[in-house]
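Read through the structure below, which is laid out as structure tokens, and then see the notes.
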Amino acid sequence: MAEKISQKSRRDNAAGWLLNIPYLAYTLVFFLIPLVWAIWLSTMDWNMMSPDKTFVGFKNFTDLLHNSKAIAAFVNGFRYLIPIVILCFIFGLLLALLISALPEKIKGIVAVLFFIPYLTSGVATSVVIRFFFSYNSAFNIFLRNRLHWDIAWFQNPTTAFWIIVGIIVWKMSGYYALFLLAAIEGISPDVSEAAALDGSVGFHRLIHITLPMILPTLTTVIVLAAGLAFGIYTEPYLLTGGGPNNATTTWLLEIYNTSFTSFKSGSGAAMAIINALQIFVIIQLITWLMNKLNKKYGV
Amino acid sequence: MKTRSKAKTAILIVITVILLIFSLFPLFYMIFQSFAPWDQVDKAVVSSRLTLRSYRYLLGGSGTDNAWMWVRSLLNSLIVSLPTAVISVLVGLGVGYSVTKLKFLGRKFIYQSLLFQMFFPVVILLVPRYMMIKPLANHYSGMILPLCISTWAIFMYINYFVTLPNEIFEAAKIDGLGELGIITRIAVPMTKSVTVIVFLSMFMTRWNELMWDMLVAPDIKMQTLNVLISTQFRSMGNFPGPMYAASVLLTLPIIVMFLCASKYFKEGISFMLK
């Protein structure tokens, strides 16, 4: 018997490690080594080509305090975070509630249709948005001739910023709606029936039954949207270059430019670390807040 | 009562249709502009006549110094995305199965390592990864390798395998099936819907990748379609027609793939929440 067990566990050990070799090798080469390297790099002044590297300690980090672009990226992290999380939450929830109220037959296809924007590349949407809002487009000619609105969409910090927020919300809402829809559909029929018997309908039911029941999924959606807000790159890169006046810039854009356009690899690595810390703190804060809500109102 | 609920359903459907028109408008706009004659692009949502000129320009290979570059970039996108999706599925399947169903020494360690990576911002690794992969610049391997394994994909499999009863796998072992047999004859068929979702999602993510491909493959012959559109974006500003057509070529294959597989999604999404 003992021999059998050891034979079995030996077989499990061999197979287990064999199946995990690719993952472990990848983690070592493309995760652990770059991680140590990044921390080392952040204390260096090096242009990635010359043989001279100088150790500068925390100078790369303290320099960021005087770097207007880095400060803009830090602040914009919050400026993007707040509207994107709120709007994705609202539209995702509204879409999910709408789809769940539709007849069973068409639910699936409608959910898939709302999901399509999620599949589009940021590059393709940027092409459409760029030309749609260009000076001589039908849309802008209409605004000028009929409404006498002459808006240079990408030269105005406010409109440029909101166009990018709009693209992200448009792209993600249908995706988050899918999560929320699954959660709403997952509420057990017993609960729904009891609620109906108690006369809990409409808004009352939404606040007292549906939302508390799907609170864990709402948390997931909010955390995902927050993470996403810090990963914006393609749209500002193609549409505004981070301008005007750094109004639309993001960490990713600045890290890319600092590292690969200005070749300040140490400064770029320092930016990436600060960015990661900012994301980490925000996500922890949101999770903590949602857990509190969950304890108070969840089921 | 019945007529009231019918009226309610009708109103809901009308609202849905209006929202769908808004939601899909950018895509319709893109498609119609790609078929518009070049002097009518962006002048109307639907132009007075439709033409294939933009597509002929891209796919006809009539370029001057970089003939066929658009066709080439489309192939590059495929060459990069397909192996990425396949490797993600294979690794996800292997790790997912072993971590949940095999009691081997170190499974906890691997699980912890996965959790740590899942929530780790990859942006920190960008610069060092680029320096490491520089010798492979403008090679497919340099584009594929650093992005071919996804912790998300692995977790999709882990979460699914957890829901499968251990008895199935134990019984197969007692019947004398080897590890390879268990994977190919039991694990693979049972995880079909996860595999479809992981494959398509990884294919799409890789297909839509911009920053890494821009860094690693700046050579115009190696650019993916996504990168080529970005690099031609400014210089082609006066020829929006072909840019719209290129965007359609970029977007449509992904949408068609997902629509074809949409029946697997309902099953998949409900356990993604766990």
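The values are calculated or read from the model by the stated rules, or taken from the named source; none is laboratory data. Just so it is clear, the model here is predicted, and its values are computed rather than measured. Cβ sites come from the backbone with ideal geometry, for glycine too, and all protein chains shown count toward neighbours.
Got a number for residues in the stretch B:32-41 being of a type outside the set (S, T, Y), in a helix (DSSP H, G or I) and crowded, with 19+ Cβ neighbours inside 10 Å? Please lay out each step first, then the result.
If we filter the stretch B:32-41 for residues that are of a type outside the set (S, T, Y), which is where we start, we get B:32-33, B:35-41.
In the following step, the residues that additionally are in a helix (DSSP H, G or I) were identified as B:32-33.
Next cut, crowded, with 19+ Cβ neighbours inside 10 Å only: B:33.
The total comes to 1.
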Report task. Scan the stretch B:176-198 and give yes if some residue there is acidic (D, E) and more than 9 Å from every other protein chain (Cβ to nearest Cβ), otherwise no. Result -> no
Query raised in the report: On the given criteria, is A:I151 over 23 Å from the mean Cα position of the chain (by Cα), assigned to a loop (DSSP other than H, G, I, E, B), among the aliphatic types (A, V, I, L, M) and within 27 Å of B:S247 (Cβ to Cβ)?
Result: yes
Query raised in the report: Is there any pair linking a residue in the stretch B:235-256 that is more than 9 Å from chain A (Cβ to nearest Cβ) to one that is buried (at least 21 other Cβ atoms within 10 Å of the Cβ) and not polar (S, T, N, Q), with Cβ under 6 Å and at least six apart or on different chains, and which?
Result: B:M236/B:M243; B:G241/B:V41; B:P242/B:L58; B:A245/B:L58
Query raised in the report: Any residue in the stretch A:184-200 that is hydrophobic (A, V, I, L, M, F, W, C), within 14 Å of chain B (Cβ to nearest Cβ) and touching a Phe, Trp or Tyr at 6+ places or on another chain (Cβ under 8 Å)?
Result: no
Query raised in the report: Among the helices (runs of 4 or more DSSP H) contained in the stretch A:167-230, which hold 2 or more residues that are over 30 Å from B:I21 (Cβ atoms) and not acidic (D, E)?
Result: A:189-197, A:215-229
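Please tell me if B:L105 is part of a loop (DSSP other than H, G, I, E, B) and either facing chain A (nearest Cβ under 9 Å) or under 15 Å from A:Y23 (Cα atoms) (or both). Give the derivation first.
Values: part of a loop (DSSP other than H, G, I, E, B): yes; either facing chain A (nearest Cβ under 9 Å) or under 15 Å from A:Y23 (Cα atoms) (or both): yes.
Taking the combined requirement at face value, the residue satisfies it.
Report yes if some residue within the stretch A:141-154 is within 30 Å of B:L210 (Cβ to Cβ) and surrounded by fewer than 17 Cβ atoms within 10 Å (Cβ to Cβ); otherwise report no.
So far as the stretch A:141-154 goes, yes, one or more of its residues are within 30 Å of B:L210 (Cβ to Cβ) and surrounded by fewer than 17 Cβ atoms within 10 Å (Cβ to Cβ).
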Report summary line: Flagged pairs (Cβ under 9 angstrom, 6 or more apart or on separate chains; first in the stretch B:84-104, within 15 Å of B:G178 (Cα to Cα); second among the basic types (K, R)) are B:S98/B:R107; B:L102/A:R11
Query raised in the report: Looking at the stretch A:155-178, which of its residues are crowded, with 21+ Cβ neighbours inside 10 Å and either in contact with a strand residue (DSSP E or B) (Cβ under 6 Å, 6 or more places away or on another chain) or at pLDDT below 90 (or both)?
Result: A:L178
Query raised in the report: Consider B:A44 against the criteria (1) surrounded by fewer than 17 Cβ atoms within 10 Å (Cβ to Cβ); (2) more than 7 Å from chain A (Cβ to nearest Cβ): it satisfies all of them except one. Which criterion is unmet?
Result: (2)
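If only one of A:W251, A:W288 is within 10 Å of chain B (Cβ to nearest Cβ) and modelled with pLDDT of 90 or more, which one is it?
Numbers: A:W288 fails: within 10 Å of chain B (Cβ to nearest Cβ).
On inspection, the qualifying residue turns out to be A:W251.
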Query - Test: A:A124 is of a type in the set (G, A, S), within 30 Å of B:E209 (Cβ to Cβ), without any contact (Cβ under 8 Å) to a residue 40 or more places away in the chain and crowded, with 22+ Cβ neighbours inside 10 Å - result: yes
Query raised in the report: Filter the stretch B:184-195 for residues that are surrounded by fewer than 20 Cβ atoms within 10 Å (Cβ to Cβ) and of a type outside the set (G, A, S); which is nearest to A:I116 (Cα to Cα)?
Result: B:K192
Report summary line: Quick count over the stretch A:231-270, residues being outside any helix (DSSP H, G or I) and closer than 30 Å to A:Y176 by Cα, is 12
Query raised in the report: In the stretch A:69-89, is there at least one residue being of a type in the set (D, E, K, R) and more than 29 Å from A:L224 (Cβ to Cβ)?
Result: no
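Out of everything in the stretch B:133-153 that is more than 7 Å from chain A (Cβ to nearest Cβ) and among the aliphatic types (A, V, I, L, M), what residue ends up being nearest to A:G231 (Cα to Cα)? I'd like the intermediate steps shown before the answer.
Applying the first criterion (more than 7 Å from chain A (Cβ to nearest Cβ)) to the stretch B:133-153 yields B:133-145, B:147-148, B:150-153.
Those left that are additionally among the aliphatic types (A, V, I, L, M): B:133, B:136-137, B:143-145, B:147, B:153.
Details: B:I133: 22, B:L136: 26, B:A137: 24, B:M143: 20, B:I144: 21, B:L145: 21, B:L147: 16, B:A153: 19 Å.
Looking at the filtered set, the residue picked out is B:L147.
Could you tell me which residue of the stretch B:112-130 is nearest to the other protein chains (Cβ to nearest Cβ), considering only residues that are loosely packed, with under 15 Cβ neighbours inside 10 Å and over 18 Å from A:F230 (Cα atoms)? Give the steps one after another, and end with the answer.
Of the stretch B:112-130, the ones loosely packed, with under 15 Cβ neighbours inside 10 Å are B:112, B:115-116, B:118-119.
Add one more test, that the residue is over 18 Å from A:F230 (Cα atoms), and what stays is B:112, B:115-116.
Numbers: B:Q112: 12, B:L115: 12, B:F116: 9 Å.
Applying the filter and picking the extreme gives B:F116.
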Query raised in the report: Just for helices (runs of 4 or more DSSP H) wholly inside the stretch A:1-116: which have at least 3 residues that are in contact with a Ser or Thr (Cβ under 9 Å, 6 or more places away or on another chain) and at the interface with chain B (Cβ under 9 Å from one of its Cβ atoms)?
Result: A:2-27, A:68-100
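If I filter the stretch B:47-64 down to residues being assigned to a loop (DSSP other than H, G, I, E, B) and surrounded by 14 or more Cβ atoms within 10 Å (Cβ to Cβ), which single residue comes out as nearest to the other protein chains (Cβ to nearest Cβ)? Outline the logic, then answer.
Step one: filter the stretch B:47-64 for residues assigned to a loop (DSSP other than H, G, I, E, B), giving B:47-52, B:60-64.
Within this subset, residues satisfying the condition of being surrounded by 14 or more Cβ atoms within 10 Å (Cβ to Cβ) are B:47, B:51, B:60-61.
Numbers: B:S47: 10, B:T51: 17, B:G60: 20, B:G61: 22 Å.
Filtering the stretch B:47-64 for residues that are assigned to a loop (DSSP other than H, G, I, E, B) and surrounded by 14 or more Cβ atoms within 10 Å (Cβ to Cβ), the one nearest to the other protein chains (Cβ to nearest Cβ) comes out as B:S47.
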Report summary line: Turns out the helices (runs of 4 or more DSSP H) fully within the stretch B:130-193 with at least 2 residues that are hydroxyl-bearing (S, T, Y) are B:140-144, B:151-163
Requested in this report: Any chance you could count how many residues in the stretch B:197-231 are among the β-branched types (V, I, T) and crowded, with 20+ Cβ neighbours inside 10 Å?
Outcome: 6
